[in-house]
Amino acid sequence: MALVNEHYLKLSDNYLFADIAKKVNAYKVSHPKAKVISLGIGDVTRPLVPAVIEAMHKAVDEMGSKASFRGYGPERGYDFLREAIIKNDYLPRGIHLDPGEIFINDGAKSDTGNIGDIVRWDNSIGMTDPIYPVYIDSNVMCGRAGTFENGSWSNVNYMPCTAENGFVPTIPDHRVDMIYLCYPNNPTGTVLSKEELRKWVNYALRNDTLILYDAAYEAFIREEGIPHSIYEIKGARKCAIEFRSYSKTAGFTGVRCGYTVIPKDLTAATIDGTRRIALNHLWDRRQSTKFNGTSYISQRAAEAIYTPEGKAQTKAVIDYYMDNATLMYNELTDMGFKVFGGRNAPYLWVQTPDNTSSWKFFDQLLYSASIVCTPGVGFGPSGEGYVRLTSFGEREDCEEAMRRIREWMQC
Ligand SMILES: *Cc1c(COP(=O)(O)O)cnc(C)c1O
């Protein structure tokens with residue numbers, strides 16, 4: 001008799017975005033004339049830039065000719081891409097990486113979800129709250145999150161990030177084995193200064209903690225002095241894995257390509273404490289068994305982002321989204337809302353007025369202004385009392401949405 005992995009049964013079925021879709025559909029049925037604007041979309045909307053399209057066409061043609069056809073590629077990714085990453089994403093920030101420290105993947109979700117394979121199932125974990133749900137759910141699947149009691153997981157140390165602490169998580173006063181950090185943050189759009197990130201690296205070095213650093217939104221950072229990579233902090237090579245993705249940076253949500261950095265000096269202990277094992281080696285072993293590489297076409301597409309044209313074109317798209325963010329940030333602040341994020345990330349985290357619950361405010365916004373947002377509580381208990389707006393939409397829709405909210409506020 002085959003038995004199921006019972007940890008999966010602990011996962012909650014009601015997925016946030018399915019609940020939202022259900023409510024929006026009900027609204028559309030009862031208000032057939034309403035033009036609904038979604039500020040809840042977590043996907044990019046601008047098309048791929050010309051430099052990427054050109055590179056993909058060329059790669060497709062290569063695949064169609066016997067002389068240049070490519071079959072299985074290296075599991076860690078092609079050198080042309082790993083070298084472009086080192087040269088463009090890290091060297092200019094004074095970070096020296098070796099190609100063997102970079103693992104090309106099919107997007108950051110896979111690796112942030114799978115990385116737990118190479119560490120013990122009973123490590124304790126710490127997460128900022130609210131947070132990207134993949135981190136928790138992937139730990140639930142192997143039993144590492146413990147059991148769900150009174151709205152939280154028993155083996156997860158939640159580090160609340162709210163207006164009260166300026167969205168700076170408090171460093172635990174005890175040892176936690178693994179810590180997930182995501183900066184710029186999804187869903188709050190907030191960032192950590194170099195000083196704050198340094199405190200985390202020092203905590204990790206003191207406590208032998210592994211930091212899992214998700215920098216998927218690094219390209220949206222606009223302010224000086226905000227770290228783009230955790231390796232800008234001295235000592236991070238010994239305690240941190242970094243995840244990057246082209247999904248938001250270059251509109252690759254449908255193309256699929258990203259990468260993970262595991263420095264060669266990063267190690268973790270065996271349970272008896274007698275040996276230190278290189279995580280780079282373990283991940284390589286895991287990937288060569290369970291992953292057969294990202295498509296050649298996707299990797300050529302990613303490489304094209306680093307050409308002068310590719311850089312300028314992707315920057316223009318990011319600027320478009322960030323101009324949306326600025327527009328919404330200024331308008332909402334002017335209307336009296338308390339708005340966080342939105343300056344170094346495509347997300348705005350809006351505090352609901354008068355302590356309204358996330359879902360109640362969601363309904364109000366939908367029924368008064370035909371606007372869809374994402375209830376903050378869907379990202380964790382500390383998200384209650386907030387909603388997330390994204391700047392991935394059309395400029396005209398952002399403007400129209402702001403007009404509608406202003407009208408609603410005035411009546
Ligand atoms: C969108 C997103 C990613 C990227 O996911 P891909 O699998 O690369 O598309 C990673 N982390 C966070 C927090 C995200 O929001």
*Percent antiparallel among DSSP beta bridges (both partners in region 200-288, rounded to 5)*: 65 percent
*Taking H placed 1.01 Å from N in the peptide plane, check which residues at least 5 places from Asn157 or on another chain put their amide H under 5 Å from its amide H.*
Ile125, Gly126, Met127
*Can you list which of the GluC sites (Glu not before Pro) found in region 135-242 are DSSP loop residues with at most 16 other C-beta atoms within 10 Å?*
Glu223, Glu224
*When we measure straight from the Cα of Lys23, which lysines land under 23 angstrom away, once same-chain ones fewer than 8 places off are left out?*
Lys33, Lys35, Lys360
*Around Lys264, what is the net charge, scoring Lys/Arg as +1 and Asp/Glu as -1 over all other residues with Cβ under 9 Å from its Cβ?*
-2
_For region 6-111, which trypsin sites (Lys or Arg not before Pro) pass both filters: DSSP loop (anything but H, G, I, E, B) and at most 11 other C-beta atoms within 10 Å?_
Lys33, Lys35, Lys66
*asked:* Only bridges whose two residues both fall in region 86-213 count here: according to DSSP, what percent of them are antiparallel, nearest 5?
replied: 15 percent
*Could you give me the ³J(HN,Hα) list for region 243-251, computed from phi with Karplus coefficients 6.51, -1.76, 1.60 and θ = phi - 60°, whole Hz, x at Gly and Pro?*
10, 10, 8, 8, 4, 8, 4, 9, x
_Of all DSSP beta bridges in the chain, antiparallel share, percent nearest 5_ = 55 percent
*asked:* Could you work out what % of the accessible surface of the chain is carbon and sulfur, using a 1.4 angstrom probe and leaving DNA, RNA and ligands out of the count?
replied: 52 percent
*How large is ³J(HN,Hα), in whole Hz, for each residue of region 24-35 in order, when computed from phi with the Karplus curve 6.51 cos²θ - 1.76 cosθ + 1.60 and θ = phi - 60°, using x for Gly and Pro?*
5, 5, 4, 5, 5, 5, 7, 10, x, 8, 5, 9
*asked:* From the protein chains alone at 1.4 Å, what is the descending order of accessible area for Val29, Val60, Val4, Val201, largest first?
replied: Val29, Val4, Val60, Val201
*Kindly report the accessible area of the chain per residue (heavy atoms of protein chains, probe 1.4 Å, no ligands, DNA or RNA), in Å².*
45 Å²
*Just reorder His174, His281 by solvent-accessible area, largest first, 1.4 Å probe, all chains present.*
His281, His174
*If Lys and Arg each add +1 and Asp and Glu each add -1, what is the summed charge of the other residues whose beta carbon sits under 11 Å from the beta carbon of Tyr347?*
+3
*What figure in square angstrom, to the nearest 10, would you give for the accessible area of Ile95 with a 1.4 Å probe?*
10 Å²
*Estimated dipole of the chain in Debye, rounded to 20 [Cβ of Lys and Arg +1, of Asp and Glu -1, Cα centre]*: 440 debye
*When only DSSP loop residues count, what GluC sites (Glu not before Pro) in region 335-411 have their Cβ near at most 16 other Cβ atoms within 10 Å?*
Glu394
_Which of Ile226, Asn207, Cys239, positive extreme of dipole for region 198-242 (C-beta unit charges)_ = Asn207
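The values are calculated or read from the model by the stated rules, or taken from the named source; none is laboratory data. Since this is a predicted model, take the numbers as computed values, not measurements. FYI the Cβ positions are ideal-geometry reconstructions off the backbone, even for glycines, and counts take in every protein chain you see. All accessible areas refer to the heavy atoms of the entire protein, side chains included, with ligands and DNA or RNA removed. Shrake-Rupley method; radii C 1.70, N 1.55, O 1.52, S 1.80 Å.
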